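First the structure, in the form of structure tokens, and then the observations on it.
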Amino acid sequence: MEPIGEEKDGMHDADNLKKLYKAQEHASLEVLYSLADAVDARNAYTTGHSKQVTVCATNIARVMGLKKKELDAIKLCGPLHDIGKIAVKEAIIGKPGKLSEDEFSQIKIHPLKGYRIIEGLDFLGEARLLALHHHERFDGKGYPYGLKGEEIPLGARILATADAIDAMTSDRPYRKALDIDMVLMELDTCSGTQFDPKVVNTLLKRVEQKPEIFYGIIKPKDI
Ligand SMILES: [Fe+2]
């Protein structure tokens, strides 16, 4: 009977270890998310931005019928996708006007810096790549690597669209938030260049069938 007891204890230990790992992952995530919130709050205009992008991207992913694993990666990545902006100077992050070429090149390092911060955290899985590629463009003119089309992970293509939607629907020092019709027109215009046409088409089709769905997509609902 002794070996059975030992096996039971072994299973008990394994369960405890699993719980401990989960608790550590949760604590690491809380720290990362707090840090990412603080980075957003360096500029009054981007306070809450990452949370809003997470809501929007998650809702787009649901509309597109993504699998749970892909949806979870978007949910994990959304709140910390801009964490690499911690490496960008305050004067550039908070600059109200147009950025110079040199300032913009400093902004462009943030996806790679963010990836460096989180790359060792295995529990983040695919979410790490989504953070790395959230500024790639469908036409290959994005950064950091200029990936094109389906070379870009689908979750990153969705996050890029949600990122732009949140920027367009928020006030900026140099302009007021765009109205919904303007946002939809902009998405349509930049479909195939900045944005993945599959993401834009699904979104536009759903909004056409049910216009109020757009408010559900862009507002914090169930996160
Ligand atoms: Fe970003």
Pull up all non-local amide H partners of SER170: gap of 5 or more, or a different chain, and H-to-H distance under 5 Å with H placed in the peptide plane. LEU178
Mean-square fluctuation check for the chain, GNM, Cα pairs under 10 Å: which of LYS108, LYS51, LYS98 is largest? LYS98
Listed by chain and number, the residues whose amide H is under 5 Å from that of PHE195, excluding neighbours fewer than 5 places away on the same chain and using placed H, are PHE138
Return the single residue from CYS56, CYS190, CYS77 with maximal mean-square fluctuation; model: Gaussian network over the chain, springs between Cα atoms under 10 Å. CYS190
Taking the inverse of the average 1/r across all pairs of different Cα atoms in region 116-223, what Kirkwood radius in Å do you get? 14.9
My understanding is that a pair violates if its Cα-Cα distance is over 28 Å; which of LYS89/LYS198; LYS19/LYS89; LYS85/LYS148 do that in this structure? LYS89/LYS198; LYS19/LYS89
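Taken together, the values in this text are just the output of simple stated rules run on the coordinates, not laboratory data. Note that the structure is predicted; figures quoted are calculated from it, not measured.
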